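Trainee: Got a structure for you, written out below as structure tokens; questions coming shortly.
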Amino acid sequence: MSATLAILTIGVVPLREVLPLLTEHIKEDQITHVSLLGKMTREAVMEEYAVDDEEEALITLLNDNQLVEVSRKKVERDLQSVVEVLDNQDFDVILFMSTAPIKGLVARNAILIEPQRIIPPLVSSIVDGHQVGVIVPIPELMKAQRSKWQALQNPPRYALANPIHGSDEELIAAGKQLLSEGADVLMLDCLGFHQQHRDLLQKALDVPVLLSNVLVARLAAELLV
């Protein structure tokens, strides 16, 4: 029997870029995509996942192509419920496609891949002491990014460029800023960044560029062989 894969996301995540990496090893009809908030209206999301006083907020993209702040506690609670449902449906691998600092997800049977837990040490081993420059899509994510990359030997440099509402010129300018600050490897750690963004930076700046969604998709693909 062929392996089955469930891709779990919080909000809207374009999967067209990562599907070819996965379908090298598995038929597309054996891949299921479940989004916690992706099919909900903004009004319904705000009713169910509004950030209460003193709660930590997460930022995610809704189907109106706009960002929203939601309660991390409520999202974690309901993500775990979805993981349990998928686990009971006998998926072999559950790929949680998110760069959000989600904790506490547990699968009893399936292999659960969590980028937040896997990507920082993986990138640390890849760059091996090189100076990393991280391109962040919005200022509101800067705090979480600084916390995320504490495992790197050298504290990263950071610059802003938005993959959805920004331009190619702004992305290249962010890359140039990081290179001027000493970075010799760039990291695109947002699910809105795709391989064309990586290719654009590599061609314009002649620098290695890591793309977190490709790293995690390749890891998932290896488990589907």
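The values are calculated or read from the model by the stated rules, or taken from the named source; none is laboratory data. Note that the structure is predicted; figures quoted are calculated from it, not measured. All Cβ positions, even for glycine, are placed from backbone atoms using ideal geometry, and neighbour counts span all protein chains on display. Areas reflect the complete protein model, heavy atoms only, side chains present, ligands, DNA and RNA absent. Shrake-Rupley method; radii C 1.70, N 1.55, O 1.52, S 1.80 Å.
Trainee: Output the residues belonging to segment 13-40 that are in contact (Cβ under 8 Å) with a residue 40 or more places away in the chain, aliphatic (A, V, I, L, M), farther than 21 Å from Q80 by Cβ and touching a helix residue (DSSP H, G or I) at 6+ places or on another chain (Cβ under 7 Å).
Mentor: V18, L21, L22
Trainee: Of all residues in segment 107-117, which are of a type in the set (A, V, I, L, M, F, W, C) and either assigned to a loop (DSSP other than H, G, I, E, B) or open to solvent by 40 Å² or more (accessible area, probe 1.4 Å) (or both)?
Mentor: A107, A110, I111
Trainee: Residue by residue through segment 80-106, note down the ones that are outside any loop (DSSP other than H, G, I, E, B) and either within 18 Å of G38 (Cβ to Cβ) or among the basic types (K, R) (or both).
Mentor: Q80, S81, V82, V83, V85, L86, I94, L95, F96
Trainee: Could you give every pair whose Cβ atoms fall below 8 Å, whose first residue belongs to segment 145-170 and is acidic (D, E), and whose second residue is open to solvent by 30 Å² or more (accessible area, probe 1.4 Å), counting only separations of at least 6 or pairs across chains?
Mentor: D168/L200; E170/N162
Trainee: Just checking, how many residues over segment 25-58 are open to solvent by 60 Å² or more (accessible area, probe 1.4 Å), assigned to a loop (DSSP other than H, G, I, E, B) and in contact with a Leu (Cβ under 9 Å, 6 or more places away or on another chain)?
Mentor: Count: 2.
Trainee: Any residue at all in segment 185-205 that's surrounded by fewer than 15 Cβ atoms within 10 Å (Cβ to Cβ) and in a loop (DSSP other than H, G, I, E, B)?
Mentor: Checked against the condition, which is being surrounded by fewer than 15 Cβ atoms within 10 Å (Cβ to Cβ) and in a loop (DSSP other than H, G, I, E, B), segment 185-205 yields no hits at all.
Trainee: Exactly one condition in (1) over 19 Å from the mean Cα position of the chain (by Cα); (2) open to solvent by 20 Å² or more (accessible area, probe 1.4 Å); (3) within 30 Å of I26 (Cα to Cα) is false for G182; which is it?
Mentor: The one condition G182 does not meet is (3).
Trainee: Determine, yes or no, whether E43 is more than 20 Å from L95 (Cβ to Cβ), without any contact (Cβ under 8 Å) to a residue 24 or more places away in the chain and in contact with a Lys or Arg (Cβ under 7 Å, 6 or more places away or on another chain).
Mentor: no
Trainee: Among the residues of segment 78-101, write down those that are free of Cβ contacts under 8 Å to residues at least 40 places away in the same chain and either open to solvent by less than 10 Å² (accessible area, probe 1.4 Å) or under 22 Å from G192 (Cβ atoms) (or both).
Mentor: D87
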